[in-house]
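See below for the structure under consideration.
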Amino acid sequence: MKLYITPMSPYARLARILVIEKGLGDRVDIIQAKTRTAGSPYYQINPSGRVPYLVDGAETGMEDSQLICAYLDAIDGKPLFHHRSSQANWAYRRLEASARSMCDGISVWVREMARPENERSPFVLAHEADRMQRMADFFEVQIADPALDGAPKMAHLILAVALDAARSRGPADLTAGRPRLAAWQRRMAERASIKATAPP
């Protein structure tokens, strides 16, 4: 299989984490795609130009981190991060959706900052910075929710990736002043898959 990524994409990072967690390193070639470039050869592979993009053994391509992570997790028939019990647990799924929302907002902020300074929207930047802080406050409380107990699931991975993105490329370390979230993030940071995929 071939997994197309960019090193700074939090969504591609989630797919890379699944490759490591599921022990698929010898079955998945990770290829750096050239995106946001006119005429990139990558657009012949994935017309949308988004990452991650997975091409399976039958040369079928799929995009969207949720789909790719679920596929990689289930490929051996023993899903760890998309277990049937968690998918039927609405309390858990609400937290996973909130983590994804946080990650999405941070990504919007990062993309806006990548634009030339005179093209950036102060409204978008302020809106997303405020949203990050609200979401961090939310997770400072919710991190103690029993739905987040036990072995990590996708909500854990998404939240860890989002917090790393905010710290490394966003406006702030969202764990600052939030001791429970900071302690949780330190524990997650010890996972080999999180260390191996840390942003450059």
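Bear in mind these aren't lab numbers, they're just calculated from the coordinates by the rules spelled out. All of these numbers come straight from a predicted model, not from anything done at the bench. Every residue, glycine as well, gets a Cβ built from its backbone with ideal geometry; the counts of neighbours run over all protein chains shown.
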> Order of 181-188, 93-100, 58-65 by packing, highest average Cβ count within 10 Å first?
Replying inline: 93-100, 181-188, 58-65
> Label-point separation (nm) for R27 and A129, each offset 7 Å from Cα along Cα-to-Cβ?
Replying inline: 4.5
> How long are the three semi-axes of the equivalent ellipsoid of the chain, in whole Å, if each is the root of 5 times an eigenvalue of the C-alpha gyration tensor, listed from largest down?
Replying inline: 26, 24, 14
>> Once the cut-off is 17 Å, how many percent of the Cα-Cα pairs in region 1-84 end up in the long-distance tail?
In response: 42
> Quick one: of the DSSP bridges fully inside the chain, what percent are antiparallel, nearest 5?
Replying inline: 60
> Could you list, bin by bin from short to long, the percent of Cα-Cα pairs of region 84-196 in 5 Å steps?
Replying inline: 2, 12, 23, 23, 18, 12, 7, 3, 1, 0
> Measuring from centroid to centroid over Cα atoms, what is the spacing of region 98-151 and region 20-78 in Å?
Replying inline: 25
> Taking the simple approach of a point 7 Å from Cα along Cα-to-Cβ for both A176 and S40, what is their distance in nm?
Replying inline: 3.2
> Once amide H atoms are built 1.01 Å from N in the peptide plane, which residues 5 or more positions from I30, or in another chain, come under 5 Å H to H?
Replying inline: L3
>> Please list 3J(HN,Hα) in residue order for region 37-47, calculated via the Karplus relation 6.51 cos²θ - 1.76 cosθ + 1.60 where θ = phi - 60°; whole Hz, with x for glycine and proline.
In response: 9, 4, x, 4, x, 4, 5, 6, 8, 10, x
